[in-house]
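Since the structure comes first, as structure tokens, the remarks are kept for the end.
The numbers here are math on the coordinates, done by the rules we state, and not lab data. Predicted model only: the values in this text are computed from it and were never measured. Cβ sites come from the backbone with ideal geometry, for glycine too, and all protein chains shown count toward neighbours.
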Amino acid sequence: MASCALFVVGVFGKSHWSDKLASRHTVQRDRQGKPQGSHLTFKKERKGESTFVEDHGPPAPRVLPFPSQVVYNRVGKCGSRTVVLLLRILAERHQFNMVSSDIHNKTRLTKHEQVDLMKNISNIPQPYLYTRHVHFLNFTRFRIEQPVYINIIRDPINRFLSNYFFRRFRDWRGEQNHLIRTPGMKDDERYLDINVCILENYPECSNPRLFYIIPYFCGQHPQCREPGVWALERAKQNVQENFLLVGILEELEDVLLLLERLLPHFFTDVLSIYKSPDYRKMGNMTGTVRKPTPSREALQVLYQRMRDEYDFYNFIRDQFHLMKRKIGLKSLSRPTHQPDFLLSLALKTQELLEEEEEQQEPEEDLEDANSWLVQP
């Protein structure tokens, strides 16, 4: 259970430094005050001379934080690029290995690709944090040690709208940027009114395209791609059994606070970095252009098509708030509100660093799953 994991991390996190201190050996000195065994050799230089190993035992192993293996299978258009930028700063500051995949269009893997990817992840020197847009991977199914998972999600309609307009117009960084990044998109598609797309049931604005967040937590099973109760319940079960924390973007500062509390080796100082002027300057890439709010009628239709996504989002939000109460966290964020049939939907959710474009996944001939690995 996620709540159990919370307290386990707390216990091991506090004992880490005492264990580290206890693991140090005492250096013995001779009568002249010179340290004995200062030349640490594992070979006998002369017959009858003892080795350091025989006198002192093997050197103490490196003490790793708990947990030392973390996977962030980031959901597209849920602020993950902001978090990745923070992680790059934190990795340099706290000396952990951060590996970020540049594959953005392959979330579903064959069985062989799953095994290869999980083995490659497991071979990253610990402590590590690996991040990629990929649906949940069940390491234990293949008898590989399961890492701890973290993630962040967002109000489903907000996520959909952000992706819809970002695919077409990108952001303020260049007026013609969208023409360069999506050259194959025709003008009638690029300038398609969002209300027409929804109300006339265009493929982009209907299922299965709208069934997006749940598969990231359901996993690689073929049934996870089909909207319905099975995928929804499997996603909830995986969250409870495998995810240390799933936050909501609408309360990002509280998410960062909890990550700092639960994973101090990785996230200490994350909130101060996030609020710093230097980071704000580096991360000032916000604002998807041409982002009108759909009509009330269109929002009602969209909401009905995304009922499972909202069921899951509300479950995550409740679990997140419960964890905040258990840990005694005083919220820094304004509480989120369930809309009066979406009229007060949080369409003004803070726009963070925009994701790299997520292209529609081809059905075959996808690039090899091993190509992501760049040794830190």
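At a 10 Å Cβ-Cβ cut-off, how would you order SER101, SER122, fewest neighbours first?
SER122, SER101
Measuring nothing but alpha carbons in the stretch 183-264 and taking Rh as the Kirkwood radius, the Rg to Rh ratio lands at 1.12. Eigen-decomposition of the gyration tensor built on the alpha-carbon atoms of the stretch 69-348 gives equivalent ellipsoid semi-axes of 29, 23, 21 angstrom, largest listed first. Here each label is just a point 7 Å from Cα along the line to Cβ, and for LEU199 and GLN223 those points are 3.9 nm apart.
The Cβ shell under 12 Å around ASN195 holds other residues with a net charge of -2, Lys and Arg each +1, Asp and Glu each -1.
Fewest Cβ neighbours within 10 Å first, please rank THR110, THR82 accordingly. Walk me through the numbers on the way to the answer.
On the way: THR110 11, THR82 24.
Fewest to most other Cβ atoms nearby, the residues stand as THR110, THR82.
Applied to the stretch 109-114, the Karplus parametrisation 6.51 cos²θ - 1.76 cosθ + 1.60 on θ = phi - 60° returns per-residue 3J(HN,Hα) values of 10, 6, 4, 5, 5, 4 Hz, with x for Gly and Pro. Sequentially through the stretch 300-305, phi angles give Karplus couplings (6.51, -1.76, 1.60; θ = phi - 60°) of 4, 5, 4, 4, 4, 6 Hz, Gly and Pro residues having no value and appearing as x.
The Cβ shell under 13 Å around LEU87 holds other residues with a net charge of +2, Lys and Arg each +1, Asp and Glu each -1. Ordered by the count of other Cβ atoms within 10 Å of each Cβ, fewest first, ARG280, ARG305 give ARG280, ARG305.
Length available on full extension from MET282 to GLN240: 0.36 nm per residue minus the Cα-Cα distance, which gives 11.6 nm.
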